[in-house]
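The values are calculated or read from the model by the stated rules, or taken from the named source; none is laboratory data. As the structure is a prediction and not an experimental result, all values here were calculated from the model. Cβ: placed from backbone, ideal geometry, glycine included. Neighbour counts: every protein chain shown.
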Amino acid sequence: MSENTVVWEVFIQSKNGLAHKHVGNVHASDKEMALQSARDLYTRRNEGSCIWVVKAEYIVSSESEDGEAFFDPSNDKMYRHPTFYTMPKGSKYI
Amino acid sequence: MNEQKFQEKIDLERKIEPKDWMPDAYRKHLIRQISQHAHSEIIGMQPEGNWISRAPSLRAKMILLAKVQDEAGHGLYLYSACETLGISRQELVQQLHEGKAKYSSIFNYPTLSWADMGAVGWLVDGAAIVNQVSLQRTSYGPYARSMVKICKEESFHQRQGYEIMDEMAKGTPEQKEMAQDALNRFWWPSIMMFGPQDSDSPRTENSMKWKIKRQFNDELRQKFIDQTVGQAELIGLTIPDPNLKWNEERGHYDFGEMDWDEFWSVVNGNGPCNIQRLDHHKKAHKEGEWVRNAATAYSKKQEKVNS
Amino acid sequence: MSLLKYTLRIADSSLILAQRTSGWCSKGPTLEEDIALSNIALDLFGQANGFLEYASKIDGTKTADQLAFNRNEREFFNLQITEQKNGNFADTIVRQFLFSTYNFLFYTALANSTDETLSALANKSLKEVKYHLQHSKSWMLRLGDGTEESRNKMQTALQYFWQFTGELFEMDEIDMKMSKSGIGVENSLLKLHWDTIVNEVIEKSTLKRPKDEYMQTGSKKGLHTECLGHLLSEMQYLPRSYPNAKW
């Protein structure tokens, strides 16, 4: 939400050994802030993840489709998971 | 020629990606829809953010904060998706501030008690989920992918709300009364989230043709009502619609007439919190200006030093 | 009971700072920063919860929630810096930076506690606080060495918050007892390292370190600034209004 911030595309390696995946972008004024924002937004601080941020202007695209990117939330905050909640017996569609 | 190829792609359930040719009207429609979806997530942080400082237990506080934080994240995913269509986040925020872009009317209602946190999670997120599950199959790639990501996170939101309502409904008489009151105030506004009746919606035709929209408003509204009635009954709360009745023939619940005057009034800017929500957003944006300027100034200095 | 009070001090600082930080929700200077501050608040609530659960176990009669929502102003032992208002973004960043530097050093030392629970809690919290420190450090630099307007706001904030830094390194009888038995931290020993980190960042941010003049004190005895009462009124309102309700 800024007049002059730069758009950075974000790539996450969720586990050691896996390839980095594109997950979206962040707006930040410089690369350190971009990394921090990417960490806050796309990893909820998953341990062992590696983040790449690249200024959007440096991405060169072919005409092919972008790969799909998915993200798994951290295991540390169980209340983000639906299984954490006790639902009344017999409840449906929730 | 392009139009024909484009429509063929749509008809074959292929995804349209940012670099693909698209009719100008398709692009404009998407910018409007995705940005309004994004604005809704961000404005939606306010009515719930209202109760973070007063959440009645540590667990409730953390859960509510995580939920509202998620909403900020969803807004960000959606702004990202919208930017692929050739518009900046800054322009989108300006449109919001100038009243050129709207956000979901439900957020123009105030959250008056802790039970509202239950009602909002259960009903508002519940309605949003019905809509968003459908949108996972929308034709524009970046929008569809953000919907998939959002849906994964959204189900905890609804459970959080329903759990609050359940606890209160079986709690003290005051808690039960508070829960029922919240349901009474949020039921109809939640139903209105599905928009006007399809017969009154001029954009629906193109939207369905281009597979931006995958199901009709009335269809989604009916789905939400059908799945929610049982949930209310299970926890002993009464939905404030005397005309609500199971129709064996249709296989759906019949329900009462919505107050369309109220619906259009709030959509057009005359709801309880319209002025407040926008003022809050503008204020935060304005007060943050010196911070954003400082960050930019610093990065420019660093660039000079490093060059 | 010394261990109880000692644990409550740690819990309370996290809880009160979390309460303050969460106040930025939907008001951040950018959306990204809104998320960052909420993350920090969540971490701090989590830490508070951990220490309060332990305090509850030691106490034996009250739950963690009861400790959070039923004690009054004179029974809270958070460091006074944590209860100060958010103010503008510069105020918040300076508050976070000065406290997080201390918190990082404190947890590093507490990780060696002979008390297993405190040690485990400290280790878990350390990972999070490292990030809090990095976050506030980044902003100290950008706001200190940004524009003239941002530098002025930062200097003003630094001037205000400096008076709360003396408390961080105080040692009273409880601290000394805990430290002697290997359970607690010798706060006074943290000061040298704290000064080094803080001085370096202040200098890099083109700011000036304020003089060590009057230092606020008293939180170890439950003495606070006028801020705390208002914060607790808001935070504790629901459980206190409905004492028989379960939430």
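Computed values, structure above
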item	result
Among (1) over 20 Å from the mean Cα position of the chain (by Cα); (2) touching a residue at least 40 places away in the same chain (Cβ under 8 Å) - the single one B:Thr296 does not satisfy	(2)
Residue among A:Phe84, A:Phe71 that is modelled with pLDDT under 85, within 30 Å of B:Arg14 (Cα to Cα) and at the interface with chain B (Cβ under 9 Å from one of its Cβ atoms)	A:Phe71
Extreme residue, nearest to the other protein chains (Cβ to nearest Cβ), among residues of segment B:174-222 that are of a type in the set (Lys, Arg) and on the phi < 0 side of the Ramachandran plot	B:Lys176
Residue within segment C:196-207 that is at pLDDT 95 or above, within 30 Å of C:Ser113 (Cα to Cα) and not in a helix (DSSP H, G or I) present	no
The listed residue being aromatic (Phe, Trp, Tyr) and closer than 21 Å to C:Leu37 by Cβ, out of B:Trp21, B:Trp51	B:Trp51
Selection status of C:Trp139, within 14 Å of chain B (Cβ to nearest Cβ), closer than 30 Å to B:Ala297 by Cα, surrounded by 15 or more Cβ atoms within 10 Å (Cβ to Cβ) and among the aromatic types (Phe, Trp, Tyr)	yes
Some residue of segment C:83-93 being under 21 Å from C:Thr21 (Cα atoms), away from chain B (no Cβ under 14 Å) and either buried (at least 18 other Cβ atoms within 10 Å of the Cβ) or over 17 Å from the mean Cα position of the chain (by Cα) (or both)	yes
Residue satisfying condition, being at the interface with chain B (Cβ under 7 Å from one of its Cβ atoms), of a type outside the set (Ser, Thr, Tyr) and under 25 Å from C:Ser119 (Cβ atoms), within set C:Ala18, C:Ala55, C:Ala11, C:Ala41	C:Ala41
Flag for B:Glu98 being of a type outside the set (S, T, N, Q), farther than 22 Å from B:His157 by Cβ and either crowded, with 23+ Cβ neighbours inside 10 Å or more than 13 Å from chain C (Cβ to nearest Cβ) (or both)	yes
Count of segment C:108-161 residues which are out of contact with any helix residue (DSSP H, G or I) (no Cβ under 8 Å at 6 or more places or on another chain) and among the hydrophobic types (A, V, I, L, M, F, W, C)	1
Flag for B:Tyr109 being of a type in the set (Phe, Trp, Tyr) and more than 13 Å from every other protein chain (Cβ to nearest Cβ)	yes
Which numbered condition C:Ala36 fails, given (1) over 26 Å from C:Gln163 (Cα atoms); (2) more than 14 Å from chain A (Cβ to nearest Cβ); (3) of a type in the set (A, V, I, L, M, F, W, C); (4) surrounded by 24 or more Cβ atoms within 10 Å (Cβ to Cβ)	(2)
Residue match in segment B:199-217 (condition: charged (D, E, K, R), assigned to a loop (DSSP other than H, G, I, E, B) and at pLDDT 95 or above)	no
Which listed residue, of B:Ser190, B:Ser134, B:Ser139, is touching a strand residue (DSSP E or B) at 6+ places or on another chain (Cβ under 9 Å) and farther than 22 Å from B:Ala55 by Cα	B:Ser139
Search result, residues across segment B:258-295 that are farther than 21 Å from B:Gly99 by Cα, touching a helix residue (DSSP H, G or I) at 6+ places or on another chain (Cβ under 9 Å) and facing another protein chain (nearest Cβ under 7 Å)	B:Trp290, B:Val291, B:Asn293, B:Ala294, B:Ala295
Options B:Met117, B:Met22; residue that is buried (at least 18 other Cβ atoms within 10 Å of the Cβ), hydrophobic (A, V, I, L, M, F, W, C) and modelled with pLDDT under 95	B:Met22
Total residues in segment A:10-31, condition exposed (fewer than 15 other Cβ atoms within 10 Å of the Cβ) and in a strand (DSSP E or B)	0
Unmet requirement for B:Gly171, which otherwise passes all of (1) farther than 21 Å from B:Asn274 by Cα; (2) assigned to a helix (DSSP H, G or I); (3) more than 8 Å from chain A (Cβ to nearest Cβ)	(2)
Subset of segment B:259-307 [modelled with pLDDT under 95, surrounded by 18 or more Cβ atoms within 10 Å (Cβ to Cβ) and among the aliphatic types (A, V, I, L, M)]	B:Val266
Cβ-Cβ under 9 Å pairs, at least 6 apart or on other chains, segment B:134-151 side without any contact (Cβ under 8 Å) to a residue 12 or more places away in the chain, far side crowded, with 22+ Cβ neighbours inside 10 Å and of a type in the set (Phe, Trp, Tyr)	none
Residues located in segment B:4-25, provided they are part of a helix (DSSP H, G or I), touching a strand residue (DSSP E or B) at 6+ places or on another chain (Cβ under 8 Å) and more than 13 Å from every other protein chain (Cβ to nearest Cβ)	B:Phe6, B:Ile10
Single match in B:Ile52, B:Ile31, B:Ile42 (criterion: touching a Leu at 6+ places or on another chain (Cβ under 8 Å), modelled with pLDDT of 95 or more and more than 14 Å from chain C (Cβ to nearest Cβ))	B:Ile31
Condition check for B:Glu233: modelled with pLDDT under 95, farther than 29 Å from C:Cys25 by Cα, out of contact with any Pro (no Cβ under 8 Å at 6 or more places or on another chain) and more than 12 Å from chain C (Cβ to nearest Cβ)	no
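Listed here are the residues, each with its yes/no results for (1) under 15 Å from B:Val124 (Cβ atoms); (2) buried (at least 24 other Cβ atoms within 10 Å of the Cβ); (3) within 14 Å of the chain's Cα centre (by Cα).
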{"site": "B:Lys28", "(1), (2), (3)": "no, no, no"}
{"site": "B:Ile43", "(1), (2), (3)": "yes, yes, yes"}
{"site": "B:Arg59", "(1), (2), (3)": "no, no, no"}
{"site": "B:Ile63", "(1), (2), (3)": "no, yes, no"}
